[in-house]
1. If I model a spin label at His225 and Thr406 as a point 7 Å from the Cα along the Cα→Cβ vector, what separation in nanometres do I get?
2. Angle, helix 101-118 long axis vs. longest principal axis of the chain, Cα atoms, 0 to 90°, nearest 10?
3. Between Ala213 and Arg334, take the C-beta separation as r, use R0 = 56 Å, and let me know the FRET efficiency to the nearest 0.05.
4. Please compute the modelled spin-label separation between Arg106 and Glu67, points set 7 Å along Cα→Cβ, answer in nm with one decimal.
5. For a Förster distance of 51 Å, can you work out the FRET efficiency between the beta-carbons of Glu233 and Arg95, rounded to the nearest 0.05?
6. Find the centroid of the Cα atoms in region 388-456 and in region 57-129, then give the distance between the two in whole Å.
7. Going by the alpha-carbon gyration tensor, a ≥ b ≥ c the square roots of its eigenvalues, is region 4-218 rounded (a/c under 1.5) or, if a/c is not under 1.5, prolate (a/b greater than b/c) versus oblate?
8. Kindly flag which residue pairs out of Lys319/Lys357; Lys357/Lys437; Lys405/Lys437; Lys243/Lys320; Lys320/Lys405; Lys408/Lys437 have an alpha-carbon separation exceeding 23 Å in this structure.
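Values in this text are rule-based calculations from the coordinates and carry no lab data. Remember, predicted model here, so these are calculated numbers, not experimental data. Positions of Cβ are backbone-derived with ideal geometry, glycine not excepted, and every protein chain shown enters the neighbour counts.
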Amino acid sequence: MTGASDLNRIRINRTDLRAGMRVAVAVSGGADSVGLLQALTAAAPEIGLVLAVAHLHHGIRGVEADEDELFVKELAQHLRLEVWSHRVETRVVARERKQTLEETARELRYAWFRELLAQGRADAVATAHTLDDQAETVLHRLLRGAWTEGLGGIHPAVQCPRGAIVRPFLETRREEIRAWLQEIGQAWREDATNEDMAHTRNRIRRELLPRLAEYNPQVAEQLAHMATIARDEESWWEGEMAKLLPGLLLPGRAVRGGGRAVPTHPEEGSAGIELERLRALAPAVRRRVLRAAARQLRCSLNFEQTQRLMAVCEPEGAKKQELTEGLWAEKTARELRLMRKSRGAREGEPVPAIDVKIPGDVAGFGTRLRLVLLDGANGDGLEPVFLRAPRTGDRVRLRYARGRKTVKEIFERMNVARDARATWPLLEWQGRIVWMKGADIDPEGEIPFRVEQLAE
């Protein structure tokens, strides 16, 4: 149906494809994935690829999903490609994990991709993410207040323990793929859930991006360019910070005689930075240094907290500032010192927050949780996650609800007994609550891990 000449009309990023590579093409039956399969089939002889088709039946859309599976199998047979089809019960798993169907479907899909790689059945799994998907992801994260690292969006390739997940269509527009499929006479399947405006991504795709395109017709390309720039910037910054931090962050606090006292209590810590050196740094560098200092004390700062800490560094800034519960900044004549305190462990106050390792299990506050790193997420340098009890002023956003609510309001909705509220378990990451027992929390941004509640 297609030939090498047809590829002049469609763009494939071949950077992560090499001769002899066994590639499992993830095909849902939709236009993007069908287009990717046809494009890679036409390019395979030239590049030297060995292709197979991977289709996951999510068990959600009934007869429509069965027809999608049949369509993909017939297409693979027509192209004389081996097809691997797998079924999962997304609704059941979503209930067990207390997640949305969309979240669970994605996690199950990528778990199966990793399994294919781990079994050695493929060297890479190719997914059909497009430039439009990239633009939607960047805009979504921008609306949620992501740091620069979050604006990197979808990565062209994600390395797994065995093999990689690659996105050859990440520089290609969705409309180009559909136009090309029509030219070569290739049909595809439509997924009705892509029209469901209850999903934020669909509203961004159907409403927000078209409005922005009225101001700049190239807005999708510009957002994709921003993602490329952000990824390159973050890669550079990682190297620079690795060189800068060891000579800048001083453990503990200065004492007479020139030494430094380091706390021995497991829930405490402190780090100092010479003010003269800190003030000499450009604001962009200073902000990253301060966030890194907080991370070393197993605390994470959001934008507002970071800006308050930046203000403390100035000569006219406050001498002492509480940034988060248990994390203080103190300024002396020579140093800015961050201190992580644990008054509760010593004065009979509520149990201090528990530092959670990812991946790993944690028990505390009457619950047991398992945190699983999501596919594509980098566990190195991940900002700390804390299991803790509610604090005065805590606010969260319920999924599909307008505005943020106080935890007290959530307790009232859930009819939680007053004597149980003081130790009710929450998870905090990047200065915000991303999980709360019994509540369907909107984490207000993408999080790189999944939370599973285990039997207590």
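1. Roughly 4.7 nm, to one decimal.
2. 80 degrees
3. Rounded to the nearest 0.05, the efficiency is 0.55.
4. 2.7 nm
5. 0.80
6. Comparing the Cα centres of region 388-456 and region 57-129, I get a distance of 31 Å.
7. Because its axes are fairly even, with a/c under 1.5, region 4-218 counts as rounded.
8. Numbers: Lys319/Lys357 33 Å; Lys357/Lys437 19 Å; Lys405/Lys437 15 Å; Lys243/Lys320 29 Å; Lys320/Lys405 29 Å; Lys408/Lys437 13 Å.
As for pairs spanning more than 23 Å Cα to Cα, those are Lys319/Lys357; Lys243/Lys320; Lys320/Lys405.
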